[in-house]
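The values are calculated or read from the model by the stated rules, or taken from the named source; none is laboratory data. Just so we're clear, the structure is a prediction, and the values are computed from it rather than from any experiment. In this analysis, Cβ positions are derived from the backbone assuming ideal geometry, glycine residues included, and neighbour counts consider all displayed protein chains. These area figures cover heavy atoms from the full protein model, side chains too; ligands, DNA and RNA do not enter into them. Shrake-Rupley method; radii C 1.70, N 1.55, O 1.52, S 1.80 Å.
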Amino acid sequence: LKAIGDLLKGGLKRVLLLESRDRVGGRIFSKQLECGSWIEYGANWQARTHQDNLEELIQDFKFEKTETFRKGKSVMWEPTGEKKLVSFDSSGMSLLGLADAALFFLYLYRRCSGVNFDSPIQGNAKYDNMTAEDFINSSMWTNDAKKRVRVALEGGVCRNLKEISVLSLVHFLKTVPTTSTDEVDCYYLTGGLQNLLKRYSEAFKDNIRFNSKVLHIDSSSSPISVTTESKETYKAKKIVLAFPPPLLTRIKFEPPLPEGYELTAKTQVCGRVLKLVGEFKTPWWRSRGFCGKIVSFTEKFMDEAYDISHEKAGVLAGFVVGDRALEVVKLGKEELTKRFNDFMAECFGKGGEPLKELHYHNWLADDDTVAAYSSVPNLGMWKHHSKGYFHSTGPIYFAGTEYSQSWTGLMEGALESGKQVAERILKANELQQE
């Protein structure tokens with residue numbers, strides 16, 4: 001949406017968006033509750049600072065945002081299984097653990113500063129083949145800090161760190177200015193994120209074709225031929241593929257994409273997460289002195305949760321991260337509701353309000369997503385991207401949060417990626433005219 005908006009604004013007249021779904025937004029998917037409040041099945045938050053593209057949209061369309069509730073105690077489940085009550089931004093670590101974690105991130109961020117993702121493999125081949133798990137084990141010395149750092153990072157990439165290369169982890173950390181949830185999961189929109197995108201796309205609604213899943217792209221001659229599942233064919237000079245890399249495998253390309261691109265797409269490590277949004281009549285935990293934040297360093301029903309309540313409803317968004325999400329989502333709504341209620345009692349005490357409704361979308365079974373908020377290259381895949389991650393190839397460009405060099409895995413990353421691709425296409429057009 002950002003790419004097509006900027007291309008039209010830049011003076012291009014004939015730009016078309018082929019949307020495989022029946023709606024705009026992709027992994028941004030909002031639902032209105034009976035009380036009138038909006039919740040998010042997917043992307044939810046705006047960071048405190050440095051998300052200028054998203055902030056511009058919010059200001060342009062005058063959407064209201066609310067800060068994530070922070071007053072009161074958080075519940076932290078220790079690696080030992082013990083429940084502790086801590087402040088919202090507490091890590092729960094000992095002084096020795098804090099020192100260990102600080103030195104680890106200092107070293108890792110120094111490693112980040114030396115990586116140029118326009119040529120990522122240069123001087124970093126060993127980190128393309130080393131797992132992030134091995135890197136943590138060789139760089140940290142306290143088991144407690146290792147566990148907490150591991151859980152925090154797995155919450156970002158949504159996979160076991162044994163499946164993620166150090167270079168992929170560095171890419172994630174370099175694109176996101178902070179890993180602090182206090183800074184990243186800061187604001188949410190009371191009117192629904194998807195509604196913001198609907199408002200933005202109204203200006204070019206006639207340029208959107210819904211239910212248009214692309215299955216064939218022939219760029220062997222000009223113009224490019226693009227064919228959808230319903231056998232409709234479109235001609236274009238340039239195309240932008242704006243979806244997660246694994247979905248590239250469902251398109252037949254003629255000629256094929258560069259070999260390394262196809263291999264990366266086929267072996268992409270897709271994030272796994274189940275977001276469970278609990279709707280209550282009121283945020284009843286607040287009256288008991290809790291802020292609603294839950295973090296678990298042991299195997300509990302949810303790995304983390306946050307209070308994103310509205311004026312008319314109590315709302316708690318919880319997350320099950322990694323391989324466990326595949327199993328938990330199979331439980332069915334009735335069992336999930338029971339376990340959600342039981343976990344609330346375990347965290348905040350018995351006698352609280354029962355769930356009014358549990359809301360979730362199974363992104364893991366969504367054919368147009370196949371991943372959580374992001375996905376990353378498998379071990380050894382960065383060597384196929386010597387000019388940058390999925391650098392444009394001929395008339396084919398790539399856009400989306402996975403391809404972004406800022407805020408990867410977040411809405412801001414998708415917006416920035418679309419903006420950058422539009423700028424490159426407009427510049428290329430200017431050069432051709434000259």
Those residues that are modelled with pLDDT of 90 or more and open to solvent by 10 Å² or more (accessible area, probe 1.4 Å), I need them from region 377-388; list them, please.
N378, L379, M381
Would a scan of region 299-313 turn up a residue that is modelled with pLDDT of 95 or more, in a helix (DSSP H, G or I) and not hydrophobic (A, V, I, L, M, F, W, C)?
no
If I224 satisfies all but one of (1) touching a helix residue (DSSP H, G or I) at 6+ places or on another chain (Cβ under 9 Å); (2) open to solvent by less than 70 Å² (accessible area, probe 1.4 Å), what's the number of the condition it fails?
(1)
Could you tell me how many of the residues in region 298-311 are out of contact with any Gly (no Cβ under 6 Å at 6 or more places or on another chain) and open to solvent by 20 Å² or more (accessible area, probe 1.4 Å)?
7
Out of (1) at pLDDT 95 or above; (2) open to solvent by 10 Å² or more (accessible area, probe 1.4 Å); (3) closer than 24 Å to P256 by Cα, the odd one out for A422 is which?
(2)
List the pairs whose first member sits in region 227-252 and is within 30 Å of W382 (Cα to Cα), whose second member is open to solvent by less than 70 Å² (accessible area, probe 1.4 Å) and among the charged types (D, E, K, R), and whose Cβ atoms are under 6 Å apart, counting only residues at least 6 apart or on separate chains?
P244/E402; P245/E402
Identify the residue in region 117-133 that is farther than 12 Å from L169 by Cα and charged (D, E, K, R) and, among all such residues, is most open to solvent (accessible area, probe 1.4 Å).
K126
Write out, first by first residue and then by second, each pair whose Cβ atoms fall under 7 Å of each other, whose residues are 6+ apart or on separate chains, and whose first residue, in region 335-356, is on the phi < 0 side of the Ramachandran plot while the second is assigned to a helix (DSSP H, G or I) and open to solvent by 30 Å² or more (accessible area, probe 1.4 Å).
F348/R288; G352/A345; P354/N341; L355/T337; L355/N341
Out of all the residues in region 224-252, which are touching a Phe, Trp or Tyr at 6+ places or on another chain (Cβ under 9 Å) and over 24 Å from A414 (Cα atoms)?
I224, S225, T227
Looking at I39, I58 in this structure, which one is touching a Gly at 6+ places or on another chain (Cβ under 9 Å), buried (at least 17 other Cβ atoms within 10 Å of the Cβ), outside any loop (DSSP other than H, G, I, E, B) and β-branched (V, I, T)?
I39
Mind checking which residues of region 1-59 are of a type in the set (S, T, Y) and within 16 Å of T369 (Cβ to Cβ)?
S20, S30, Y41
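Please state which one of G292, G352, G318 is part of a loop (DSSP other than H, G, I, E, B) and either under 25 Å from G92 (Cβ atoms) or open to solvent by 40 Å² or more (accessible area, probe 1.4 Å) (or both).
Of G292, G352, G318, the one residue that is part of a loop (DSSP other than H, G, I, E, B) and either under 25 Å from G92 (Cβ atoms) or open to solvent by 40 Å² or more (accessible area, probe 1.4 Å) (or both) is G352.
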For the list (1) surrounded by fewer than 17 Cβ atoms within 10 Å (Cβ to Cβ); (2) in contact (Cβ under 8 Å) with a residue 12 or more places away in the chain; (3) within 30 Å of K312 (Cβ to Cβ); (4) not small (G, A, S), I need the number of the one condition that C186 fails.
(1)
Take the residues of region 226-278 that are assigned to a loop (DSSP other than H, G, I, E, B) and among the hydrophobic types (A, V, I, L, M, F, W, C): which is nearest to the chain's Cα centre (by Cα)?
F243
For region 230-248, how many residues meet the condition of being loosely packed, with under 13 Cβ neighbours inside 10 Å and modelled with pLDDT under 95?
0
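Yes or no, residue by residue, for (1) of a type in the set (D, E); (2) touching a Lys or Arg at 6+ places or on another chain (Cβ under 8 Å); (3) farther than 26 Å from S222 by Cβ:
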{"site": "K330", "(1), (2), (3)": "no, no, yes"}
{"site": "F340", "(1), (2), (3)": "no, no, yes"}
{"site": "D366", "(1), (2), (3)": "yes, no, yes"}
{"site": "T393", "(1), (2), (3)": "no, no, no"}
{"site": "Y403", "(1), (2), (3)": "no, no, no"}
{"site": "L410", "(1), (2), (3)": "no, no, yes"}
Determine whether region 116-130 contains at least one residue that is in a loop (DSSP other than H, G, I, E, B), without any contact (Cβ under 8 Å) to a residue 40 or more places away in the chain and of a type in the set (D, E).
no
Of all residues in region 356-376 being outside any loop (DSSP other than H, G, I, E, B) and open to solvent by 40 Å² or more (accessible area, probe 1.4 Å), the one that is farthest from V24 (Cα to Cα):
E357
Given the residues S74, S91, which is the only one that is of a type in the set (G, A, S) and in a loop (DSSP other than H, G, I, E, B)?
S91
